[in-house]
Ligand code: SF4
């Protein structure tokens, strides 16, 4: 790829009068040596697989450990029968993120975005925006390229792996990618997109990876819900013209250094934080 | 890395390393075997052993041995499918401390009597490394057609193998050599840009000083 920072993507887009997503799609087409339309259709397939990961939801499913399952349905029932705190749109995003992340724990088919642990964030935000706000599917696919571009830069200059950078790298990255997508959908400028992603990331800096019994369930599933919400919150801030005081690529640098300095016990090793609480130890013991 | 490493892959959960990567290791071992597997011993190491059950790692490895891809929805049912297809399974633990913490040792027996021992590592995302074959270093990713040639460490073998490939118009993308010691068992790992035809592999096996040839094809073998 021909860019190494978020700012370079924007520079390329501006100098060639392209949209942010077009830069990502075009570079991918060049590197794979195929037409841009083929890349576009490949991404559409990813979106279809995401939608399938939502519709396949089975409220009776349980994960092999028995720790998870059924919570997405609880949220859906609550929304249908109550005046929710967050309103319809956000409630639907919450329950969808929960459902997809639960399905992942239950060995169902999902799309890693950027990882399996954070697979609920992007589908939740994009599918609910498509349905509730009536966006054309093509526009959603474009938004996925926006997300992918942000993800590429995060992977390049920081990390998208919990074992390397803690959960800021997984849920944090997913949230930043989703924030950029939503901002694009809602008509934000390229600067808005960058700042939405940056604000989302800043809200997640330092997040540790300390899952109970080493499984992608606790706290992962509920963090998908929080990551999706954080994406919407950050997009709205950016669309309102709010800017991150620390520029986007510097924040990504901060994320990388926090990841490096984070103790190993909080990077997917199951040896610190939530994973070593009394209850987590009892659960881990009962599973072994 | 490409954008579909960021948005993707489509996979059965819950973990890209412990589930999707495990399927890929199993599948790579099946390809290396090149014949129907009737007995499989799966020895899990490190985090694969400690958290594997909750991640479905054993099921994922077996799914791979059965030829499934990481997005196959039958992965959770792989044990039953193995039983139906007559593949006997045995699980255990091993300490491969010099390897990545997500590692497995597979000891496989084929319907025609072939025995193969593979150590596979899941090294992050769903990327894998085939670390060892039959006790000798291998280290390849499975992204290319790969020839693994076990030979005795004597002059001339490498030239014979590479000229056989070049006569066939096959380009070598990467090549690595390992040996146990001077004049002892040695191995050549050749990652190629094109597939190596079956008769060339047979010709290699006939060569003097070549002990065993194992081939990893990107294509699915018909016989399986
Ligand atoms: S806590 Fe760890 S395993 Fe869970 S989603 Fe976050 S990074 Fe992934």
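The values are calculated or read from the model by the stated rules, or taken from the named source; none is laboratory data. Every value quoted in this text rests on a predicted model; they were computed, and no experiment measured them. Here the Cβ is made from the backbone with ideal geometry for all residues, glycine too, and neighbour counts use every protein chain on show.
Of all residues in the range B:122-154, those being more than 18 Å from residue B:27 (Cβ to Cβ) and in a loop (DSSP other than H, G, I, E, B) number 4.
Scanning the range B:41-63 for residues that are away from chain A (no Cβ under 14 Å) and surrounded by fewer than 24 Cβ atoms within 10 Å (Cβ to Cβ) yields a total of 3. I'm trying to understand the selection: among the residues of the range A:76-123, which are part of a helix (DSSP H, G or I) and within 14 Å of the ligand (Cβ to nearest atom)? Scanning the range A:76-123 gives A:97, A:98, A:100, A:101, A:102, A:104, A:105, A:121, A:122. Counting only residues that are over 24 Å from residue A:37 (Cα atoms) and either at the interface with chain B (Cβ under 10 Å from one of its Cβ atoms) or within 16 Å of the ligand (Cβ to nearest atom) (or both), the range A:124-174 holds 21 of them.
Among the residues that make up the range A:70-92, is at least one of them more than 12 Å from chain B (Cβ to nearest Cβ) and closer than 23 Å to residue B:75 by Cα?
Taking the range A:70-92 as the starting set, the residues that turn out to be more than 12 Å from chain B (Cβ to nearest Cβ) are A:70-92.
From what is left, the residues that are closer than 23 Å to residue B:75 by Cα are A:70.
Within the range A:70-92 (the criterion being more than 12 Å from chain B (Cβ to nearest Cβ) and closer than 23 Å to residue B:75 by Cα), the answer is yes, since at least one residue qualifies.
Screening residue B:98 on (1) out of contact with any strand residue (DSSP E or B) (no Cβ under 6 Å at 6 or more places or on another chain); (2) surrounded by fewer than 20 Cβ atoms within 10 Å (Cβ to Cβ); (3) at pLDDT below 95; (4) within 14 Å of chain A (Cβ to nearest Cβ) shows it passes everything except condition (4). Of the set (1) assigned to a helix (DSSP H, G or I); (2) free of Cβ contacts under 8 Å to residues at least 12 places away in the same chain; (3) touching a helix residue (DSSP H, G or I) at 6+ places or on another chain (Cβ under 9 Å); (4) surrounded by 13 or more Cβ atoms within 10 Å (Cβ to Cβ), all apply to residue A:45 but (3). Per the conditions (1) at pLDDT below 95; (2) closer than 30 Å to residue A:211 by Cβ, the sole criterion not satisfied by residue A:59 is (1).
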